[in-house]
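As structure tokens, the structure follows; a few thoughts come after it.
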Amino acid sequence: MKAMTVQRWRHSGFTLIELLVVIALVAILAMLAAPSFRVQMANSRVSSTGQELQTLLQFARSEAVYKRSEVEVTESDSTWSVKLGAQVLRTATVPATVKVDPDGDSKDGLKFDNTGVARLVSAGEPPYKLTISTDGATRVQCLSVSRMGLVRQERVAAGSSCP
């Protein structure tokens, strides 16, 4: 007589317990990373807004020189505009969560003449200064425009004042 052989089936895959342990570990790691991610996102918003406004100011200066006309940069309801007379050449909208605070006489805006020299709209003396910040960020972006039209951006720690 032939001996009966017992076949054993090999099952591949994960058990329910193994799957639950992995899900629990992923959830714990996500909870630990979330606060750091929020700070990183806030810092990214501040940096990108600073870059966008720096580019807008450099564009305004180059257009003033190129078109040999006076170009004005103003802000209205979080929208920054570059104007040649009544014509709007370019705009940039700042996100609602980001605060852009002009310094002193800089509140009214900035003008570049046909040689690229900067003047404040309020007839005050340059430099034109902006402080860019948001809640939860660990740094602040500082933008300044010198009398000669040089646009500079500097990063300082949150809570510090711009130089």
- Mind telling me which of the residues V73, V98, V88 ends up being in contact with a Lys or Arg (Cβ under 7 Å, 6 or more places away or on another chain) and among the β-branched types (V, I, T)? V98
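Determine which member of the set V145, V140 is in contact with a Cys (Cβ under 8 Å, 6 or more places away or on another chain) and buried (at least 21 other Cβ atoms within 10 Å of the Cβ).
Numbers: V145 fails: in contact with a Cys (Cβ under 8 Å, 6 or more places away or on another chain).
Selected residue: V140, the only one of V145, V140 that is in contact with a Cys (Cβ under 8 Å, 6 or more places away or on another chain) and buried (at least 21 other Cβ atoms within 10 Å of the Cβ).
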- Name the pairs whose Cβ atoms lie under 7 Å apart, with the first residue in the stretch 12-29 and free of Cβ contacts under 8 Å to residues at least 24 places away in the same chain, the second of a type outside the set (A, V, I, L, M) and part of a helix (DSSP H, G or I), and 6 or more positions between them or separate chains? none
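No value in this document is a laboratory result; all are computed from the given coordinates. Bear in mind the structure is a predicted one, so any value in this text is a computation, not a measurement. Heads up, the Cβs are rebuilt from the backbone with ideal geometry, glycines too, and the neighbour counts pull from every protein chain shown.
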